[in-house]
Amino acid sequence: MKIMKFGGTSVGKPERMHQVKDLIAKGDEPKIVVLSALSGTTNALVGIGDALAAGDKATAKSKIDQLQKHYEQFCDELFSSAEAKKEGLKIIQEHFEFLNIILKISFNEAINKDILAQGELLSTKLFYELLSELGIKSVFLPALEFMSIDENNEPELPKIQERLGKLLAENPREKIFVTQGYICKNYRNEVDNLKRGGSDYTASLIGAAISASVVEIWTDIDGMHNNDPRIVDKTRPIAKLSFEEAAELAYFGAKILHPASIWPAQQFNVPVKLLNTMEPDALGTTITADMSEIGGVKALAGKDGITAIKIKSSRMLLAYGFLRRVFEVFEKYKTSIDMITTSEVAISLTIDDITHLEEIKSELAAFGHVEIDHNLSIICIVGNLIMEQNGVLQNIMNSLADIPLRMVSYGGSKHNVSVLVDAAYKNSALKSLNRGLFEF
Ligand code: ADP
Ligand code: ASP
Ligand code: MG
């Protein structure tokens, strides 16, 4: 059985949804089809939630009405028969009625999560209806019946495995299952989600849960490119990546994959393929456990919204246990650290989640002088055996000669070098590195 996940742009227009239908109807292998919300929908739902959080019901109402119109038109173009159009409108009505009821009750974070879930519920129900209209047999799998996260917002893989296994076993002869990406239940049994871009994560978790033959991530580009195509002109797709390389790129900003979407597939050794819905014959990127023998830099990514913390203390000199005490502060506030560099008297590290920054800062002050810098970006340079390749570091540094580097991390692994720059330099760093590393 394989997983086929289609992102927002892949289902965002009626004709694209038809393309998706063609792609999933091909081949005999049973498949679980994971869909995102139509492109723009989750952003619109975030807007509705924000308006309600601000107490601005008029704006929320007008955003709901605008979105409903969009769906009604989509429905009209998606289906051919009058009966299917009617069914489609019924689905739309049901979900927009729900949004309109929310307007009348008092808003809270749990309700906000309910609002955000409407996008994937709508896309999958409309797609399921399209398959029925065309006589393609499929089973609707409600993600809220099997996908869950615990009190630390971590997916509960064994439970997902058990519940999904049962649902699939109820339909032993079926070939096509349709489910929602992104949405899940939390430990309070409320509707929740796997954070923005989370449908990739859903696909990988399902792939791991059923030990799928492959997880296919169908999107609007022909695979993982060697640099961010939104920023740099001359980028090209990479045919093969190892799980480690892909995970690193996803975590450090390659938007094509949700930051956490590689580990489940990696843990169960399920290959992940990145494919283009608009160009289905393009090679794409295949991600497996294989490390290529070829050394050198393969790709770059940049991650924004980074905060650096420096702790300076002469007490650190020749003292053991200092780092442990520093790390315990971050552990206490469940804040993960990305980059670290140390000198004899200071330690610098970076975080991206600043929810508990004030508490962390005041606890760290007990160890020495604390300095905080906001608005930084990590540039992550990924490849194989980077450390063993003569001249790679020199090449990186030459390319970045004109850019002030706040931190450099080299040697943590054989396949990664990271540098920290002011966010204002992120784009020029990615462009200069592209010229220096790929465009010769
Ligand atoms: P989907 O809606 O299918 O999930 P996303 O917008 O989340 O699609 O991801 C695809 C986009 O990721 C591409 O259109 C591209 O602009 C962006 N992207 C950023 N970095 C990379 C990269 N290194 N390789 C490919 N795409 C990238
Ligand atoms: N619809 C969600 C989002 O826009 C999840 C996804 O597309 O992966 O973030
Ligand atoms: Mg995405």
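The values are calculated or read from the model by the stated rules, or taken from the named source; none is laboratory data. Remember, it's a predicted structure, so these values are computed and weren't measured experimentally. Cβ: placed from backbone, ideal geometry, glycine included. Neighbour counts: every protein chain shown.
Filter region 187-218 down to residues that are polar (S, T, N, Q) and touching a residue at least 60 places away in the same chain (Cβ under 8 Å) and give me whichever is farthest from ligand 3 (Cβ to nearest atom).
The first filter runs over region 187-218 and keeps only residues polar (S, T, N, Q), leaving 189, 193, 199, 202, 204, 211, 213.
With the extra rule that they be touching a residue at least 60 places away in the same chain (Cβ under 8 Å), the set shrinks to 193, 199, 202, 204, 213.
On the way: 193: 13, 199: 6, 202: 11, 204: 12, 213: 22 Å.
In this case the residue turns out to be 213.
Output the number of residues of region 91-123 satisfying the condition of being part of a helix (DSSP H, G or I), more than 16 Å from ligand 3 (Cβ to nearest atom) and either farther than 17 Å from residue 67 by Cβ or of a type outside the set (S, T, N, Q) (or both). If you could, list the steps in order and put the result at the bottom.
Within region 91-123, the first condition is being part of a helix (DSSP H, G or I), and the residues that meet it are 91-104, 109-123.
Then drop every residue that is not more than 16 Å from ligand 3 (Cβ to nearest atom), which leaves 91-104, 109-115, 117-118, 121-122.
If we keep only those that are either farther than 17 Å from residue 67 by Cβ or of a type outside the set (S, T, N, Q) (or both) too, we end up with 91-92, 94-99, 101-104, 109-111, 113-115, 117, 121-122.
So the answer is 21.
State which residue is nearest to ligand 2 (Cβ to nearest atom) when the search covers only region 255-264 and only residues that are part of a loop (DSSP other than H, G, I, E, B) and surrounded by 23 or more Cβ atoms within 10 Å (Cβ to Cβ). Talk me through it step by step, then tell me what you get.
Taking region 255-264 as the starting set, the residues that turn out to be part of a loop (DSSP other than H, G, I, E, B) are 255-262.
Filter again for surrounded by 23 or more Cβ atoms within 10 Å (Cβ to Cβ), leaving 256-258, 261-262.
Working: 256: 11, 257: 10, 258: 7, 261: 9, 262: 15 Å.
Among those residues, the one meeting the criterion is 258.
If I ask for residues that are farther than 17 Å from residue 406 by Cα and either touching a strand residue (DSSP E or B) at 6+ places or on another chain (Cβ under 9 Å) or hydrophobic (A, V, I, L, M, F, W, C) (or both), which ones from region 319-344 would you list? Before you say what the answer is, go through the steps one by one.
Step one: filter region 319-344 for residues farther than 17 Å from residue 406 by Cα, giving 319-336, 344.
Selection gives 319, 322, 323, 326, 327, 329, 330, 335, 336.
Among 179, 202, which is the only one that is crowded, with 19+ Cβ neighbours inside 10 Å and near ligand 2 (Cβ under 9 Å from one of its atoms)? Break it down into steps so the answer makes sense when it comes.
Working: 179 fails: near ligand 2 (Cβ under 9 Å from one of its atoms).
Residue meeting the stated conditions: 202.
Looking only at region 219-235, count every residue that is surrounded by fewer than 21 Cβ atoms within 10 Å (Cβ to Cβ), closer than 26 Å to residue 23 by Cα and either acidic (Asp, Glu) or in contact (Cβ under 8 Å) with a residue 24 or more places away in the chain (or both) and tell me the total.
Total meeting the criteria: 2.
Listed residues 273, 310; which is modelled with pLDDT of 95 or more, outside any loop (DSSP other than H, G, I, E, B), basic (Lys, Arg) and under 18 Å from the mean Cα position of the chain (by Cα)? Give the steps one after another, and end with the answer.
On the way: 310 fails: under 18 Å from the mean Cα position of the chain (by Cα).
Being modelled with pLDDT of 95 or more, outside any loop (DSSP other than H, G, I, E, B), basic (Lys, Arg) and under 18 Å from the mean Cα position of the chain (by Cα) holds for just one of 273, 310, which is 273.
Against the condition at pLDDT 95 or above and in contact with a Ser or Thr (Cβ under 8 Å, 6 or more places away or on another chain), how does residue 426 come out, does it pass?
Numbers: at pLDDT 95 or above: yes; in contact with a Ser or Thr (Cβ under 8 Å, 6 or more places away or on another chain): yes.
Criteria met by residue 426.
Starting from region 414-426, take each residue that is assigned to a helix (DSSP H, G or I) and list its partners that are among the small types (Gly, Ala, Ser) and surrounded by 20 or more Cβ atoms within 10 Å (Cβ to Cβ), counting only C-beta distances under 9 angstrom and pairs at least six apart or across chains.
423/377; 424/377; 425/377; 426/302; 426/377
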